[in-house]
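Notes follow the structure.
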């Protein structure tokens, strides 16, 4: 098992706890560990930052970094692109366990998570765990621009969520 160092915005923890009476920290660590394991990335220490923002803030960030002037649910800022992740996996396959890896940042819009949980009927906890899993998938090189890529990403997300006991996802 990896040592996960997650800089987790306490607003996320409090938001989920207030709505569900559940602490999500352990599930987030499991998501990260299972995602790395699923990608065959062997590492002692992994670092990720997960932050929360308002609708206005995520819209500004989306416009600034993606040139998309709209509100979204989650944004990921990976350190590595898909090719670099593949190189890391290849290195690991040569029995070279990494000492540490910083994967990047995930930004979540809490009001959108709440709206989606109502719209999809999933509940706050499941929706938040999906957002984090989705963000981690992006940090590991997954994308959903092309139909085949979206299918691969959804399969990956479903595997990870299943491992932590969360049923299938929407969309």
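The values are calculated or read from the model by the stated rules, or taken from the named source; none is laboratory data. On a predicted model such as this, the values are computed, not experimentally measured, just so you know. As a convention, Cβ positions derive from the backbone with ideal geometry for all residues, glycine included, and neighbour counts pool all protein chains shown.
Couple of notes before you dig in:
- The residues listed here are 155, 133; of these, the one that is under 19 Å from residue 23 (Cα atoms) and not in a loop (DSSP other than H, G, I, E, B) is 133.
- Residues within segment 31-60 that are out of contact with any strand residue (DSSP E or B) (no Cβ under 6 Å at 6 or more places or on another chain), within 21 Å of residue 109 (Cα to Cα) and buried (at least 18 other Cβ atoms within 10 Å of the Cβ), tallied: 1
- Answer residue from segment 1-24, given it is without any contact (Cβ under 8 Å) to a residue 24 or more places away in the chain and touching a helix residue (DSSP H, G or I) at 6+ places or on another chain (Cβ under 7 Å) and is farthest from residue 110 (Cα to Cα) among those: 23
- Per the conditions (1) modelled with pLDDT under 95; (2) closer than 28 Å to residue 167 by Cα; (3) over 16 Å from the mean Cα position of the chain (by Cα), the sole criterion not satisfied by residue 5 is (3).
- Scanning segment 6-24 for residues that are surrounded by 16 or more Cβ atoms within 10 Å (Cβ to Cβ), touching a strand residue (DSSP E or B) at 6+ places or on another chain (Cβ under 8 Å) and assigned to a helix (DSSP H, G or I) yields 12, 15.
- Residue in segment 79-93 that is within 12 Å of the chain's Cα centre (by Cα) and either part of a strand (DSSP E or B) or in contact (Cβ under 8 Å) with a residue 60 or more places away in the chain (or both) present: no
- Within segment 34-56, tally of residues that are over 13 Å from the mean Cα position of the chain (by Cα), touching a residue at least 12 places away in the same chain (Cβ under 8 Å) and farther than 19 Å from residue 160 by Cβ: 5
- Restricting segment 61-81 to residues that are surrounded by 14 or more Cβ atoms within 10 Å (Cβ to Cβ) and over 21 Å from residue 154 (Cα atoms) leaves a set whose member that is modelled with the lowest pLDDT is 79.
- Residue 88 being out of contact with any helix residue (DSSP H, G or I) (no Cβ under 9 Å at 6 or more places or on another chain), farther than 19 Å from residue 30 by Cβ, surrounded by 12 or more Cβ atoms within 10 Å (Cβ to Cβ) and at pLDDT below 90: yes
- Residue in segment 100-113 that is more than 18 Å from the chain's Cα centre (by Cα), more than 22 Å from residue 12 (Cα to Cα) and outside any helix (DSSP H, G or I) present: yes
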